[in-house]
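Enquirer: Dropping a structure here in structure tokens format, bear with me for questions.
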Amino acid sequence: MPKTPEYQAARVALDELDRQLRSLPAGAAVEPYNRKLAELLKLPCFRLSIENSRDLEDKSALSLRTFWEDGGEEWLRSYLSLRDPQPSVVLPPDLRPALASDGEHGEVPPAFLCPAADERCGQETAGWVLRAEEALAALSHSPRAPFPPPAPLSPKAQAQRCWSQARSKPAGGRYVAWRTCLEEARPEVPALPLGAFRAPRSGWWFIRGRRGHYRFCDEVRAYDLASGAAYVASSCSGLVLGNDGSVVHDKTDAGRRVNVRMGRVPVDNLREAALMAILAKEVRSVQVRAESYPLPAGLVPRWPEDTGIGMGSSGSFWGSSAQTILSWALYEGDQVRAEGQLTWPDSAHAGEQHAVDLLRVAEAGLQDGCPRAALPEAPAVPGRPGVSRLDARAATLVEVQEELMNQLRRAARGACVDARESP
């Protein structure tokens, strides 16, 4: 009750932690605040917080502060309002990982990350991150999927749906059933990790693989991230089908035509696409903000201490033989700075899809002409491009890729180079 000593102590402790976490510097030591949060949760007024099974101990001050500002504080304060005339139950956001060059960095090379405490670093890519957040959220219900997931219900509608399922349970288990139903349907979206990122401003980005299905081109592409210089070698054909619908590989390969293009692409678009290809593996589906659900009338919140709860996920995966795998590597001299793969042209993984969309935008701006940088000795790109085994023979793909690399080298040796400084 609001007038009890326990309530007053809980409110004072929550207000104090709120003040501290909202001003927590990104590079601060997080352990003391993890302990303070754990101590707060032990107070009698927050006992019901055991219904949340997600780990709340973090390794990053930025992660903890973001969790708090995006709804962690709202979640805990809701336990002080359960006696209100129209109470709500709040599902807290996830603790999102934070990457930094001087801390956790996942699979991202530290050279593309900023130090945790450097507030000036990453300003150049801040707009790219904003664009990524909006694009990834939209991709959570992408119409590109063969069977797009249904649009999420409003919190009120979701609370009613879960109550219609839970009310048939014995009285003592209705709240657990209702709360579990909410958890299983919580709103998740694909999201980048927290942190600030450096733009890849130098090096050569090599991309190889097949693009297209019934009409296709096996390609090797090389882009200079400093100038936008572009070199593209393509071997194009169309699938020849037999009477049974299977691909006739010999006739398909006999129709190949090789073409080489040189010129430049918009360098800012290129750098944004390269950065998102580097970050694609780190995209995860998370609940980014707290969600509040009205408590059904007559439902009493109670949670047995020995009861666990499963965490749902709204993610889905799909694929088709029309998808191919592009292998890429970013070189600085003869050293690989980063490497990976992208699914073309559509991917069930939102991080990959956004990187592919940005790559398509950059490549749409290709202008033929003299490149502004000479192609270095083209290396062997790590990884192996992927094509459905129904559409191509693996041995043939290897041969085609080797020939395209040779075509690129020969063309580059005779290419003109525009020596003007890049914009």
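Bear in mind that the values in this text are calculations on the coordinates, not laboratory data. This structure is a prediction, so every number in the text was calculated from the model and none was measured. Using ideal geometry, Cβ is built from the backbone for each residue, glycine included, and neighbour counts are taken over all protein chains shown.
Enquirer: Just tell me which aspartates and glutamates come within less than 13 Å, Cα to Cα, of Lys156; anything on the same chain fewer than 8 places away is out.
Expert: Glu291
Enquirer: Can you tell me which of Tyr231, Tyr214, Tyr293 moves the most in a GNM of the chain? Springs connect C-alpha atoms under 10 Å apart.
Expert: The residue that fluctuates most here is Tyr214.
Enquirer: Something else now. As a test of the definition: which semi-axes, in Å, follow for the chain when you take the square root of five times each eigenvalue of its alpha carbon gyration tensor? Largest first, please. It would help to have the intermediate numbers written out before the result.
Expert: On the way: eigenvalues 519, 148, 42 Å².
The equivalent ellipsoid of the chain has semi-axes of 51, 27, 15 Å.
Enquirer: If you don't mind, another one. In whole percent, what relative contact order does the chain give with Cα contacts below 8 Å and a gap of six or more residues? It would help to have the intermediate numbers written out before the result.
Expert: Numbers: 791 pairs, mean separation 77.0, N = 423.
Here the relative contact order equals 18 percent.
Enquirer: Cα to Cα, under 15 Å, and not fewer than 8 places away if on the same chain: which aspartates and glutamates meet these conditions relative to Lys3?
Expert: Asp84
Enquirer: Identify unpaired cysteines across the chain, taking unpaired to mean no other cysteine Cβ lies under 4.7 Å from the residue's Cβ.
Expert: Cys45
Enquirer: Given the rule -39500 (n - 2.57) for each run of at least 4 DSSP H residues, summed and divided by the residues of the chain, what is its mean residue ellipticity at 222 nm, to the nearest 500 deg cm²/dmol? Intermediate values should be presented prior to the final figure.
Expert: Details: 11 runs with 133 residues, N = 423.
Using -39500 (n - 2.57) per qualifying helix, the result is -10000 deg cm²/dmol.
Enquirer: Here's a follow-up. Given contacts defined as C-alpha pairs under 8 Å and at least six residues apart, what's the relative contact order of the stretch 163-287, whole-number percent?
Expert: Working: 183 pairs, mean separation 31.9, N = 125.
Over the stretch 163-287, the number comes to 25 percent.
Enquirer: Projecting each Cα onto the charge dipole of the chain (Lys/Arg +1, Asp/Glu -1 at the beta carbon, about the Cα centre), which of Ser63, Leu17, Thr343 comes out farthest on the positive side?
Expert: Thr343
Enquirer: I need to check one value: relative contact order of the stretch 237-309, counting alpha carbon pairs closer than 8 Å and at least 6 residues apart, in percent.
Expert: On the way: 20 pairs, mean separation 12.2, N = 73.
Reported as a whole number, the value is 17 percent.
Enquirer: Among rounded, prolate and oblate, which fits the stretch 89-180 when a ≥ b ≥ c are the square roots of the eigenvalues of its C-alpha gyration tensor, a/c under 1.5 means rounded, and a/b larger than b/c means prolate?
Expert: Details: a/c = 3.38, a/b = 2.01, b/c = 1.68.
Because a/c hits 1.5 or more and a/b exceeds b/c, the stretch 89-180 counts as prolate.
Enquirer: Students often forget the sequence filter, so: which lysines lie under 23 Å Cα-Cα from Lys36 once same-chain residues fewer than 8 apart are removed?
Expert: Lys59
Enquirer: With r defined as the distance between the Cβ atoms of Arg167 and Ser292 and R0 fixed at 22 Å, what FRET efficiency is calculated, to the nearest 0.05? Can you show the working numbers first?
Expert: Working: r = 21 Å, r/R0 = 0.94.
E between Arg167 and Ser292, to the nearest 0.05, is 0.60.
Enquirer: Could you tell me whether the stretch 1-128 comes out rounded, prolate or oblate from its Cα gyration tensor? Rule is a ≥ b ≥ c as square roots of the eigenvalues, rounded for a/c under 1.5, then prolate if a/b exceeds b/c, otherwise oblate. Could the numbers behind the result be given before it?
Expert: Details: a/c = 2.53, a/b = 2.33, b/c = 1.09.
Note, shape of the stretch 1-128 comes out prolate.
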